[in-house]
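The values are calculated or read from the model by the stated rules, or taken from the named source; none is laboratory data. Worth saying up front: this structure is predicted, and the values here are computed from it rather than measured. Cβ coordinates were reconstructed from backbone atoms using ideal geometry, including for glycine residues, and neighbour counts include every protein chain displayed.
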Amino acid sequence: MKNKNKYIPIPIVIGIFGIFFLIVGCSINDSEQNTANNSAVENHPNKDSELALLMRKVYTDTDSIKQLIVNDKGTISKEYIEIVERIHTAIPTDASVKTPEFKAYTELMVNEANALFSNEQNKKEGFNNLVDRCVQCHQSFCPGPIKKINKLRIN
Ligand code: HEC
């Protein structure tokens, strides 16, 4: 007795796996963030790419700048801008993200950081523009952390 329903069309199988890897590859970041131990690395072997490590640093540094601006104690630094420029060369988990579009988003990000550096008038707005740049690139290349990045915004 042959049962046709046993066979799932191949494109659907590929689609399901594709979505699965997309999710695993780029969105299990929130929960993992605080458990920087070896078991987490084993479960997500790709999480420690050069770009991923850089991004974690960028995230904490951006949060520090937010605190400086909110408390009127300072603003973005040249050091921060240099770190952001490293996005150009850092090796990502998925090599295919290094497209001309990715390069353009990195440049926009660096420009926005420079704009904030010279913006004495409205640091809050300049900072939120910077966070927008993070989110724009993430919409195209890594949607997982967007919710978390949006929390950086100064209200
Ligand atoms: C030019 C594109 C781009 C820009 C701009 C960008 N990101 Fe990312 N981000 C990525 C990509 C791609 C990854 C996935 C890295 C990997 O897995 O190799 C990532 C990963 C992350 C992660 C997860 C790191 C982890 O634990 O695996 C966080 C958090 C993050 N980015 C925050 C930020 C913040 C905050 C900004 C802005 C200050 C920012 N990103 C700007 C492309 C970008």
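When segment 100-126 is filtered for residues that are more than 10 Å from the ligand (Cβ to nearest atom) and closer than 24 Å to residue 89 by Cα, the ones remaining, listed by number, are 100, 111, 114, 115, 116, 117.
Which members of segment 92-107 meet the condition of being closer than 18 Å to residue 145 by Cβ and assigned to a helix (DSSP H, G or I)? 97, 102, 105, 106 - these are the residues of segment 92-107 that are closer than 18 Å to residue 145 by Cβ and assigned to a helix (DSSP H, G or I). Mind listing just one residue for me: the one in segment 75-91 that is in a loop (DSSP other than H, G, I, E, B) and of a type outside the set (A, V, I, L, M) and, of those, nearest to the chain's Cα centre (by Cα)? Applying the filter and picking the extreme gives 89. Taking every residue in segment 66-94 that is at pLDDT 95 or above and pairing it with any residue that is in a loop (DSSP other than H, G, I, E, B) and away from the ligand (no atom under 11 Å from the Cβ), at least 6 positions away or on another chain, the pairs with Cβ-Cβ distances below 7 Å are 66/154; 68/74; 68/75; 69/75; 69/154; 70/154.
Assigned to a helix (DSSP H, G or I), more than 9 Å from the ligand (Cβ to nearest atom), touching a Leu at 6+ places or on another chain (Cβ under 9 Å) and not aromatic (Phe, Trp, Tyr): does that describe residue 66? Write out each step before concluding.
On the way: assigned to a helix (DSSP H, G or I): yes; more than 9 Å from the ligand (Cβ to nearest atom): yes; touching a Leu at 6+ places or on another chain (Cβ under 9 Å): yes; not aromatic (Phe, Trp, Tyr): yes.
Here the answer is yes, as residue 66 does meet what is asked.
Within segment 50-60, not a single residue is assigned to a loop (DSSP other than H, G, I, E, B), at pLDDT 65 or above and loosely packed, with under 15 Cβ neighbours inside 10 Å. Just to verify a result, which residue in segment 133-148, among those that are in contact (Cβ under 8 Å) with a residue 40 or more places away in the chain and closer than 19 Å to residue 49 by Cα, is farthest from the ligand (Cβ to nearest atom)? Looking at residues that are in contact (Cβ under 8 Å) with a residue 40 or more places away in the chain and closer than 19 Å to residue 49 by Cα, I get 143. Of 114, 119, all but one fail to be surrounded by 15 or more Cβ atoms within 10 Å (Cβ to Cβ) and of a type in the set (S, T, N, Q); the exception is 119.
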